[in-house]
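**Student:** One structure follows; several queries about it will come next.
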Amino acid sequence: MEEKGEDLEPNWANLPTVEFRRLQHKSLGQILVDSETISAQELEEALEAQKEKGQDVKLGEVLVEKDLVSEEDMLKALAQQLDLPYYDRLPINDIDSELVDNIPIQFCRDNKILPIARDDFNVTVAVADPLNIFPLDDLRLILSTNINMIVSSPRVIDNSINRVYEKANDASQKVIDELNVPDVGGDTDLDETRDLLEASDDDKPIIRLVNGLLARAVKERASDIHIEPFESEVIVRFHVDGTLQDKMQIPRRHSGSLASRIKIIGKLNIAEKRIPQDGRIAIKVAGKDVDVRLSVLPVANGERIVMRLLDKSSGGKRLDQMGIEQEIYPSFCNLIEQKHGIFLVTGPTGSGKSTLLYAALMHINTTDINILTIEDPVEYQLQGVGQIEVKEKIGMTFAAGLRSILRQDPDAIMIGEIRDAETAKIAIQASITGHLVFSTLHTNDTASTVTRMLDFGVQPYQLSSAVLGITAVRLLRRLCTSCREAYSADEYERAQLHLTKEKASKIKLYRPGAGCERCFGLGYKDRVGVYELLVFDDEMRSLITATQDAKEIKKLAIKKGMRTLRDSAFSKVILGITSMEEAVRTTQTEDMDDEVIS
């Protein structure tokens, strides 16, 4: 049986109507044996297990349960047995979202079924279980037409369901056209358990507009939504992979109703438009639980709104998923596994500091260690870790929370950020008295972090004895592997990358392409970390005690083999992970004259 991929026939909906009978004389097990997916011996074992479980249990379920075949391989064999096409991908952009207008999303999710095309006489439906005919009968009644089947995996169908219903609910311009009066009514509270993709036509246009914005932002992996009112229009921008992108323009007259709707679901005072307000929204989009941090700021033309999106279902990344180079990974792990001392992470806002600290905590988190954190805000819940949120209005500052944490017998402490002299001194004192402390600062590189701590009033001898190491982090945009373009390095790029002409001839560099569906036309998709790790050894401690010159500290660190941020970024360029332009843009604070490319 020929497997189908992304390029489906133009008339692929015009398939023969399926009769529920086996068109192949071979059994499912024999098809799997003939295709060398399983051996005859493994088939015999599976048949014996099926007998023990009872005839109601399907052979395919036994094979998958025993890990003899993947779910996809089993479905391919079943499709072949029933003479049905199997598709490992579905053409999501070509699916008419009107096909699901009268079909609840939960029906499709529960039954792993999705209408994907129609002609004058039939609707073609993708199914994950072609033997389950009951939902097909329901669809036949709902759609009043004949049903054709193709087979695909549950994972592919689930993803397609979300994408199609997102498209069905992302009629932003249509909603804007429906907005006539800035009326939000009194029955507009958002149901936190309701999936935003289940939006109803009965919802008021402003509700559907806000739901659509949130759903689209989650779909496009936005970290923030910016709603900015100007004199004649409201601009909506998404923050994706560290860059802001214009997404929508809304007529200025709807600014008030849009702000009121968002303030209602964030439980803010809709009558107060003179002072800033902060709130929080819990939503669900495509089965994902998303925490939204809301900030409303009065400006000249209305209220400027920023919503930060945190996907709670994604959890934190493990340390080995952070992109830390193999050359420094063992040293990094050694530092965070110490029993006492302070480990600092530095970088500008949005550079990945908190994500790295979460990964470090997950790495050391075991049942015999008491870990406590104080954060502003708590971004992700970590199992087995006590997490405290800063609330400055009631006096719960980093310094106050840290003093209380020290009475809780902690082994490791994470301080979200060192912002003032008091917090810095308590953190240093805690690390000297037998605690392992993690924290962040806002500095450009590792060496300047030493100067910043001294500015907070920490004594050089305290700093040199307490600090284990400092790492600086940045996030580079990854090139989209589907549309990136290869090219050969020119003379300038060879010099920057320290490549000889001969070596450069064997390496292909990449730059962003024209964009594709996978990267939403941006040329980049996702981000990867680059790191600079400064380890405090005896020589470094002696230098810090003797002098506080950041240039001298960096010079010694490079001499001892430290890879700078730009070194790390350029290594990602050579590997084809990112572009030269992105590497230079992200590490532009580096002094190229001091670079030693290894």
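The values are calculated or read from the model by the stated rules, or taken from the named source; none is laboratory data. Note that the structure is a prediction, hence the values are computed from the model and not measured. Positions of Cβ are generated from backbone atoms using ideal geometry, with glycine treated the same way; all protein chains shown enter the neighbour counts. SASA here: full protein model, heavy atoms, side chains in, ligands and nucleic acids out. Shrake-Rupley method; radii C 1.70, N 1.55, O 1.52, S 1.80 Å.
**Student:** Could you give the nm distance between label points at Ser482 and His340, where each point is 7 Å from its Cα heading toward the beta carbon?
**Tutor:** 5.4 nm
**Student:** If you don't mind, another one. May I ask you to compute the full-extension gain from Ala300 to Tyr492, defined as 0.36 nm times their residue separation minus their alpha-carbon distance, rounded to one decimal in nm? If you can, show how the numbers build up before the last one.
**Tutor:** Numbers: separation 192, 0.36 × 192 = 69.12 nm, distance 4.63 nm.
Contour length minus Cα-Cα distance gives 64.5 nm.
**Student:** Same structure, new question: Near Lys26, which lysines are there with a Cα under 19 Å away, not counting those fewer than 8 places off in the same chain?
**Tutor:** Lys58, Lys76
**Student:** Still on this model: Going through the cross-link list Lys339/Lys391; Lys219/Lys267; Lys317/Lys353; Lys503/Lys560, which pairs have a Cα-Cα distance over 18 Å in this structure?
**Tutor:** Working: Lys339/Lys391 29 Å; Lys219/Lys267 25 Å; Lys317/Lys353 12 Å; Lys503/Lys560 26 Å.
In this structure, Lys339/Lys391; Lys219/Lys267; Lys503/Lys560 exceed 18 Å between Cα atoms.
**Student:** What are the lysines whose alpha-carbon lies under 19 Å from the alpha-carbon of Lys506, with same-chain residues fewer than 8 places away excluded?
**Tutor:** Lys572
**Student:** Taking all protein chains as present, what is the carbon and sulfur share of the accessible area of region 277-339, in % to the nearest whole number, probe 1.4 Å?
**Tutor:** Numbers: 1420 of 3110 Å².
Accessible surface attributable to carbon and sulfur in region 277-339 totals 45 percent.
**Student:** I've got another one for you. Between region 49-115 and region 259-318, what's the alpha-carbon centroid distance in Å?
**Tutor:** One Cα centre to the other: 38 Å.
**Student:** Using only alpha carbon pairs under 8 Å that are at least six residues apart, calculate the relative contact order of the chain and give it in whole percent.
**Tutor:** Working: 1024 pairs, mean separation 49.8, N = 598.
For the chain, the relative contact order is 8 percent.
**Student:** Here's something else I'd like to know. Nearest 0.05, what FRET efficiency do Asp96 and Ser465 give at R0 = 45 Å with Cβ-Cβ as r? Don't jump to the answer; show the numbers that get you there.
**Tutor:** Numbers: r = 68 Å, r/R0 = 1.51.
Approximately 0.10, to the nearest 0.05.
**Student:** For the chain, find the longest principal axis of its Cα atoms and tell me its angle to the long axis of helix 421-432, 0 to 90°, nearest 10.
**Tutor:** 90 degrees
**Student:** Something else about it: Explain nothing, just compute: Karplus ³J(HN,Hα) = 6.51 cos²θ - 1.76 cosθ + 1.60, θ = phi - 60°, for every residue of region 349-363 in order, whole Hz, x for Gly and Pro.
**Tutor:** Karplus-based 3J(HN,Hα) across region 349-363 equals 4, x, 8, x, 5, 5, 4, 5, 5, 4, 5, 5, 5, 4, 5 Hz.
**Student:** Leaving out ligands and nucleic acids, and using a 1.4 Å probe, what accessible area per residue does the chain come to in Å²? Could you put the intermediate results ahead of the total?
**Tutor:** On the way: 29100 Å² over 598 residues.
Heavy-atom SASA per residue in the chain reads 49 Å².
**Student:** Then there is this: Only one of the listed values, [x] 48, 33, 26; [y] 39, 29, 24; [z] 35, 32, 25, was derived from the coordinates as semi-axes √(5λ) of the Cα gyration tensor in Å; which label is it?
**Tutor:** The value computed from this structure is option [x].
**Student:** Here's a follow-up. With charges set only on the Cβ (+1 for Lys and Arg, -1 for Asp and Glu), what does the dipole of the chain come to about its Cα centre, in debye to the nearest 20? Mind dumping the intermediate values first?
**Tutor:** On the way: 74 positive and 98 negative charges, 376 e Å.
With only Lys, Arg, Asp and Glu charged at Cβ, the dipole is about 1800 debye.
**Student:** Determine, from the Cβ-Cβ distance of Asp34 and Asp320 and an R0 of 51 Å, the FRET efficiency 1/(1 + (r/R0)^6), rounded to the nearest 0.05. Before the final figure, lay out the partial values.
**Tutor:** Details: r = 40 Å, r/R0 = 0.78.
Plugging the Cβ-Cβ distance into 1/(1 + (r/R0)^6) gives 0.80.
**Student:** In nm, what is the difference between 0.36 nm times the number of residues separating Glu220 and Met396 and their Cα-Cα distance? Mind showing how you got there, number by number?
**Tutor:** Details: separation 176, 0.36 × 176 = 63.36 nm, distance 3.54 nm.
In short, 59.8 nm is gained.
**Student:** Looking at region 215-271 only, what percent of DSSP beta bridges run antiparallel? Nearest 5 please. Present the calculation step by step, with values, prior to reporting the outcome.
**Tutor:** Details: 14 of 14 bridges.
Bridges in region 215-271 that DSSP calls antiparallel: roughly 100 percent.
**Student:** Another question, then. Where both partners of a DSSP beta bridge lie in the chain, what percent of those bridges are antiparallel, to the nearest 5? Intermediate values should be presented prior to the final figure.
**Tutor:** Working: 56 of 88 bridges.
In the chain, approximately 65 percent of DSSP beta bridges are antiparallel ones.
**Student:** What is the percent carbon and sulfur in the accessible area of region 18-151, measuring with a 1.4 Å probe over the protein chains and ignoring ligands?
**Tutor:** Values: 3160 of 7230 Å².
The value for region 18-151 is 44 percent carbon and sulfur by accessible area.
**Student:** If the rule is a partner Cβ under 4.7 Å, which cysteines in the chain fail it?
**Tutor:** By the Cβ distance rule, which asks for a partner under 4.7 Å, the isolated cysteines are Cys108, Cys333.
**Student:** So, in nm, how far is label Ser331 from label Asp67 when the simple model puts each one 7 Å beyond its Cα toward the Cβ?
**Tutor:** The modelled label-to-label distance comes out at 3.8 nm.
**Student:** Using C-alpha positions alone, give me the convex hull volume of region 383-443 per residue in cubic angstrom.
**Tutor:** On the way: hull volume 6.0 nm³, N = 61.
Enclosed volume per residue, from the Cα hull, is 98 Å³.
**Student:** Multiplying the sequence separation of Arg280 and Ser542 by 0.36 nm and subtracting their Cα-Cα distance, what value in nm do you get?
**Tutor:** Values: separation 262, 0.36 × 262 = 94.32 nm, distance 4.77 nm.
That pair, Arg280 and Ser542, stretches by 89.6 nm at full extension.
**Student:** Roughly how many Å is it from the Cα centre of region 448-491 to that of region 128-144, as a whole number?
**Tutor:** 56 Å
**Student:** Can you compute the modelled spin-label distance between Asp137 and Ile507, with each label point 7 Å from Cα toward Cβ, in nm?
**Tutor:** Once both label points are built, they end up 6.5 nm from each other.
**Student:** Tell me which GluC sites (Glu not before Pro) from region 273-333 have a DSSP coil assignment and no more than 16 other beta carbons within 10 Å of their own. Walk me through the numbers before you get to the answer.
**Tutor:** On the way: sites: Glu303, Glu325, Glu327; in loops: Glu325, Glu327.
In loop regions of region 273-333 (DSSP not H, G, I, E or B), the sparsely surrounded GluC sites (Glu not before Pro) are Glu325, Glu327.
**Student:** A further question on this structure: Would you mind telling me the antiparallel percentage of the DSSP bridges in region 343-494, rounded to 5?
**Tutor:** Values: 1 of 21 bridges.
Restricted to region 343-494, the bridges split so that about 5 percent are antiparallel.
**Student:** Specify the angular offset, from 0 to 90 degrees and rounded to the nearest 10, of the alpha carbon long axis of helix 255-265 from the longest principal axis of the alpha carbons in the chain.
**Tutor:** So the inclination is approximately 90 degrees.
**Student:** Taking the Cα centre of each part, how many Å lie between region 519-547 and region 405-434?
**Tutor:** So the separation of the two Cα centres works out to 22 Å.
**Student:** Here's something else I'd like to know. Taking the chain as the reference, fit the longest principal axis to its C-alpha atoms, fit the long axis of helix 71-81 to the helix C-alpha atoms, and give the angle between the two in degrees, 0 to 90, nearest 10.
**Tutor:** The angle comes out at about 20 degrees.
**Student:** So which trypsin sites (Lys or Arg not before Pro) in region 316-349 pass both tests, a DSSP loop state and at most 12 other Cβ atoms within 10 Å of the Cβ?
**Tutor:** The qualifying sites are Arg318, Lys339.
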